[in-house]
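For reference, the structure is listed below as structure tokens.
Where a number appears in this text, it was derived from the coordinates with a stated rule and is not lab data. In this text, all values refer to a predicted model and were calculated from it rather than measured experimentally. Neighbour counts are summed over all protein chains in view; Cβ atoms, including those assigned to glycine, are modelled from backbone coordinates with ideal geometry.
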């Protein structure tokens with residue numbers, strides 16, 4: 001039975017932490033394929049203008065070029081209206097062979113907000129949500145999700161909490177360093193740093 005891990009986010013920009021954690025989770029769960037899905041404008045990012053979608057998509061493509069375990073999808077960027085994870089899950093499910101196990105990776109900060117996600121009960125039934133720990137986030141209180149989710153669904157989430165590795169890199173820090181004229185070497189793949197420089201991204205923030 002094959003397994004696919006979907007990893008969505010603004011990726012503004014994608015950095016080494018995204019790649020290390022997603023590969024670790026894939027190895028931990030025996031997942032063969034990781035799909036990066038840049039989002040058009042995630043609800044929790046409202047109030048800050050993202051880099052152009054085409055640039056963020058290209059950054060993801062350059063970050064994983066030549067790595068057969070990774071793929072990059074522009075599907076969410078081509079969809080009108082709000083970007084709901086449930087719709088994304090159903091889109092990818094429809095294109096996968098029957099019997100494929102589908103996983104969706106989130107960070108610990110997103111787990112705190114999961115109860116407010118669009119039709120979250122259906123979401124956790126249609127895929128396995130995997131949560132990666134983050135250095136700045138305390139261990140979660142899963143009981144706060146009771147209500148939007150059943151006890152059985154919460155136990156499924158709890159069973160897929162991945163404690164490591166804790167990579168303390170943020171896209172915010174990368175953008176700040178670019179704006180301030182400091183190096184982002186070792187924080188992002190070389191191809192990503194080169195593209196950011198070529199396009200002049202984040203300099204005016």
Cα-based helix-to-principal-axis angle, 53-64 vs the chain, degrees rounded to 10:
80 degrees
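On full extension of the chain, what length is gained from residue 96 through residue 183, given 0.36 nm per residue of separation minus the C-alpha to C-alpha distance?
Working: separation 87, 0.36 × 87 = 31.32 nm, distance 4.06 nm.
Result for the pair: 27.3 nm of gain on full extension.
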How far is helix 190-199 tilted, in degrees, relative to the longest principal axis of the Cα atoms in the chain, given as a value from 0 to 90 rounded to the nearest 10?
60 degrees
What translational diffusion coefficient, in µm²/s and rounded to a whole number, does the Stokes-Einstein relation yield for the chain at 25 °C and a viscosity of 0.890 mPa s, taking the hydrodynamic radius as the Kirkwood radius over Cα pairs?
139 µm²/s
What is the distance in Å between the Cα centres of segment 127-141 and segment 153-205?
17 Å
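Explain nothing, just the number: relative contact order of the chain, from Cα pairs under 8 Å at least 6 residues apart, as a whole percent.
25 percent
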Taking every C-alpha to C-alpha distance in segment 70-170 and binning by 10 Å from 0, the per-bin percentages run 13, 44, 35, 8
Give, as ranges by residue number, the residues of segment 164-198 whose backbone N falls under 20 Å from the point 7 Å along Cα→Cβ of residue 27.
164-169, 186-190
In degrees rounded to 10, the 0-90 angle between helix 85-95 Cα long axis and the longest Cα principal axis of the chain is 80 degrees
One finds, for residue 158 and residue 49 with R0 = 30 angstrom and r their Cβ-Cβ distance, a FRET efficiency to the nearest 0.05 of 0.25
